[in-house]
Amino acid sequence: MMSDHSFELIATLWPGFAHFPEFAIDARLDGIRVNPATAPIEELEAAISNLQVRDAPVPLFYDVKGRQLRVEEAREHEGHLEVILNHPIRIDLRDPSARIVAFKAGADFATLDWIEDGGRRLIFKDGRTFGPKYKVNHGESLHIRHPSLEVLGNLFTDHELRKIEAAKRAGFTRFFLSYTESQSDVDQLRELVGQDAELWLKIENEKGLRFVENAFKKTDGVVLAAARGDLFIEVQRPHDILKAVKLIIKKDPEACVGSRILLSIATRAMPPPEKLRALQAIHAHAQDPNLLDLIVRIFHDPTPSCADFSELAWLAEIGYKRFLLCDELCLHKDLLNTAINAFRVFEEAYT
C-alpha cells in the first residue's frame, strides 16, 4: 500500500453507514477496513456488491474472522446465561480461573459452570451472583484467557467461508485475518484468496505472540498488525501489552498498530451510561433518523487528551508508521472527523 503520508491511517467503516461515501474518497485516509463481524451473509453481499473495490480512491480491506470466539446465540434460562459459540472449545475446568469469561472488551465478566454440545454451548452460573451484568448480544466477542483453552474445528466456519467468497467476488485483494496464531492460518487464507492478495495478520492473543516471536517470517505482501483492542484483554498482565507491541514492530518494520488509539474522542463523546440509555430509548421511538447524530454533536468534545497524543508519539518512537482506528471511533461522522484531524495534526507536529 503506497501513501504520500509519513504515517498511514486506516479507518473502520461499514458500507451501509451514511458517512461511508464521504470518507471513501477522503485523501486524509490511507485505507478503509470493512468489518462484517455480525453481518448476515445476505446483508454483506448487498453492502459490498456495489463497491468499486479495485478502483476505490481509498484502498479497501476486508476483515476475515478466524478463531475469534463470538456469540452465535445467547439466552437466559432459569436465571443463568447460555451461549452458543461459533467455534467449539475445550478447556480445563478443574482450575477455577479457567471459568472466568470476559465480555464487552473486558468490561463485564461471567463465571462458566459447564460446557455441552461438543464444546459449543457454554452454561454459566447464576447471573444474579456471577454475572454478566449486561446483556450478551449475538455477534459480540468473548475472551477466555486460560492457557488450557483450545479452539477446535476448522479455522473458518462455513458461514465465514461464504463471506470470504463474497468479498472475493466484490474484488477485495487486501485482507485482515483476526486471531492469527500460526503459519498454517496464513497458508489457509492464502489458499482461499490467492497468492497475490495482501494479508494483514492481526495478532490478538498469547498464541499469536508466540507465533510472531518463534515462527513468523516476513515476506512481501504480509503485514503484522498489533490489534490492541483484543490483545490488551488477552495478555496475562495489562503491562504485557508494552512488550507485545514492541515485539510485533521488531519482527515486522511495516507492521500496523490498531485500536485503543485516540479513544478519548469516543469516550468523552457521550453522556454517562444511565443518560445514554434514556437518550437511546428516545432515539428508538423517534421519527428523525439523525437524532442520535445530534446527540453525539451535543456531547462531543473535539479535543483529544494529552495521553492520546503522547501514546501516538511513543508508538511512532518505537517504529510504527501505520495506524488503524477502532470501530467505535468510526461509528459517527463527527467522531471520525475529529480523530482524522487530530492524527494528521499529530503527524505534522511529530515529523
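Elements of the type helices (runs of 4 or more DSSP H) sitting completely within the range 142-253 and holding at least 1 residues that are surrounded by fewer than 16 Cβ atoms within 10 Å (Cβ to Cβ) and among the β-branched types (Val, Ile, Thr): there are none. Number of residues in the range 143-168 that are within 25 Å of Ala47 (Cβ to Cβ) and in contact (Cβ under 8 Å) with a residue 60 or more places away in the chain: the value is 10. Listed by first and then second residue, the pairs with beta-carbon distance under 8 Å, at least 6 apart or on different chains, first residue in the range 15-28 and surrounded by fewer than 17 Cβ atoms within 10 Å (Cβ to Cβ), second assigned to a helix (DSSP H, G or I) and among the small types (Gly, Ala, Ser), are Gly16/Ala47. Look at Lys246 and say whether it is of a type outside the set (A, V, I, L, M, F, W, C) and free of Cβ contacts under 8 Å to residues at least 60 places away in the same chain. Criteria not met by Lys246. Picking from residues in the range 193-221 that are touching a Lys or Arg at 6+ places or on another chain (Cβ under 9 Å) and among the β-branched types (Val, Ile, Thr), the one that is farthest from Glu8 (Cα to Cα) is Val193.
Of all positions in the range 256-269, at least one carries a residue that is closer than 16 Å to Thr180 by Cβ, in contact with a helix residue (DSSP H, G or I) (Cβ under 7 Å, 6 or more places away or on another chain), modelled with pLDDT of 75 or more and not in a loop (DSSP other than H, G, I, E, B). Checking Arg67, Arg99 one by one, the residue that is out of contact with any Phe, Trp or Tyr (no Cβ under 6 Å at 6 or more places or on another chain), under 27 Å from Gln236 (Cα atoms) and of a type in the set (Lys, Arg) is Arg99 and no other.
Checked against (1) under 20 Å from the mean Cα position of the chain (by Cα); (2) modelled with pLDDT of 95 or more, Glu191 meets all criteria but (1). Of the strands (runs of 3 or more DSSP E) contained entirely in the range 1-82, those carrying at least 3 residues that are closer than 25 Å to Pro132 by Cβ and either out of contact with any Gly (no Cβ under 8 Å at 6 or more places or on another chain) or not assigned by TED's automatic domain parsing to the domain that holds Cys326 (or both) fall at 71-77. Listed conditions (1) modelled with pLDDT under 95; (2) more than 20 Å from the chain's Cα centre (by Cα); (3) crowded, with 18+ Cβ neighbours inside 10 Å are all met by His332, apart from (2). Taking Arg67, is it touching a residue at least 12 places away in the same chain (Cβ under 8 Å), buried (at least 18 other Cβ atoms within 10 Å of the Cβ) and among the basic types (Lys, Arg)? Against the criterion (touching a residue at least 12 places away in the same chain (Cβ under 8 Å), buried (at least 18 other Cβ atoms within 10 Å of the Cβ) and among the basic types (Lys, Arg)), Arg67 qualifies.
The values are calculated or read from the model by the stated rules, or taken from the named source; none is laboratory data. Just so you know, these numbers come straight off a predicted model, no measurement behind them. For neighbour counting, all protein chains shown are included, and Cβ atoms are generated from backbone atoms with ideal geometry for every residue, glycine included.
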